[in-house]
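Single-structure report; data block below.
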Amino acid sequence: MSVQVRPARAGEADALAPLLYDVNPQLHDRFAGGRGRALDLIRRAFDSTGHSGSAEVVRVAEVDGRAAGVMACYPSWEGAPRGRADVKLGLRARPLLRRPPLLVFVYRMQRAIPESPHEALYIDALATAPEFRRQGVARALLGAAEEEARRLGLIRICLETEVDNRPARSLYTRCGFLVSKEGRRVRGIPRFVGYVREIGVTRPSP
């Protein structure tokens, strides 16, 4: 089976939103207040710039012209501003009285997620459509992430997953990622573990 990875295109929000949602449905639901609201926020972020799931940072894996997987990645230093843009979008979509619980959830998530290393390409989201799992789609996306990191002159790739997500952890280990650190234990939030893969890019001399 041949897997082709390409940048996302404008107008694909409806097709790709369910895949991006499947990265972690429970957390998307808690952030947005339910599946329908979560999918709407994902579509709106995709069609805007500066978000963690904007089209500009999304890659699509295709098999025979069908979207088989999706990935969002960007330099780690962009994580904070993109995260703030996501929170602002979520706040605007909620009634005033429902905003404090969202801010509490965001605060707890920030404490739970391991800090990303410097000079890294951060993989914010990675998902494979159920019918294409175990067919090399995730590996192809991770390979595209390495190409993007090298293009940007970055020396490593990083990501995190839940501690008990054994299929994902096994995949990352097979693809050369090593555990970097575990996130804090935070009440009401899954425990996360960070992974990193050094790729050793040498920056050109000025």
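What follows is calculated from the coordinates using simple rules that are stated; it is not laboratory data. The shown structure was predicted, so the numbers you read here are calculated from the model rather than taken from an experiment. All Cβ positions, even for glycine, are placed from backbone atoms using ideal geometry, and neighbour counts span all protein chains on display.
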Practice problem: Express in nm, to one decimal, how much length is gained between Ser2 and Asp64 on full extension, taking 0.36 nm for each residue of separation and deducting their alpha carbon distance. | Solution: 21.5 nm
Quiz prompt | Cα-centre dipole for the chain with unit charges at Cβ (Lys and Arg positive, Asp and Glu negative), debye to 20 | solution = 740 debye
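Which peptide among 141-147, 28-34, 183-189 comes first, and what is the full order, when sorted by highest mean count of other Cβ atoms within 10 Å?
Numbers: 141-147: 19.3, 28-34: 17.4, 183-189: 13.9.
Ranked by mean Cβ neighbours within 10 Å, highest first: 141-147, 28-34, 183-189.
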Exercise. Just grab the label-to-label distance for Asp14 and Leu97, each label 7 Å out from Cα along the Cβ direction, in nm (one decimal).
Key: 3.5 nm
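Go ahead and estimate [θ] at 222 nm for the chain from helices alone: -39,500 (n - 2.57) per DSSP H run with n ≥ 4, summed, over the residue count, rounded to 500.
Working: 7 runs with 82 residues, N = 206.
Counting only the DSSP helices, I get -12500 deg cm²/dmol.
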Quiz item: Along the charge dipole of the chain, Cβ charges K/R +1 and D/E -1, which of Pro100, Gly65, Thr173 sits furthest on the positive end?
Solution: Pro100
Self-check item: Most mobile of Arg92, Arg37, Arg139 in a GNM of the chain (Cα contacts under 10 Å)
Solution: Arg92
Practice problem: Report the extension gain between Cys175 and Ser48 in nm, rounded to one decimal, defined as 0.36 nm multiplied by the number of residues separating them, less their alpha carbon distance. | Solution: 42.5 nm
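Can you tell me how much longer the chain between Leu27 and Val104 gets when fully stretched, taken as 0.36 nm per residue apart minus their C-alpha distance, in nm with one decimal? Write down the numbers at each step before the final one.
Details: separation 77, 0.36 × 77 = 27.72 nm, distance 1.33 nm.
Value of the extension gain: 26.4 nm.
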Quiz item: How many angstrom lie between the C-alpha centres of region 139-206 and region 1-77?
Solution: 18 Å
Quiz prompt | Relative contact order [Cα under 8 Å, 6+ residues apart], the chain, whole percent | solution = 21 percent
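For region 63-148, what is the relative contact order in percent, using Cα pairs closer than 8 Å and at least 6 residues apart in sequence? Don't jump to the answer; show the numbers that get you there.
On the way: 64 pairs, mean separation 46.7, N = 86.
Normalised by residue count, the contact order of region 63-148 is 54 percent.
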Exercise. Let me know the charge dipole size of region 88-206 about its Cα centre in debye, to the nearest 20, where only the beta-carbon of Lys, Arg (+1) and Asp, Glu (-1) is charged.
Key: 580 debye
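What number does region 98-152 give for Rg over Rh if you use C-alpha atoms and the Kirkwood radius?
Working: Rg = 15.9 Å, Rh = 14.1 Å.
Result: Rg/Rh = 1.13.
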Exercise. Take the Cα coordinates of region 17-103, assign each an equal point scatterer, and use the Debye formula without solvent to give log10 I(q)/I(0) at q = 0.17, 0.22, 0.23, 0.25 Å⁻¹.
Key: -0.71, -1.12, -1.20, -1.34
Self-check item: Kirkwood Rh and Cα Rg combined as Rg over Rh, evaluated for region 4-198
Solution: 0.94
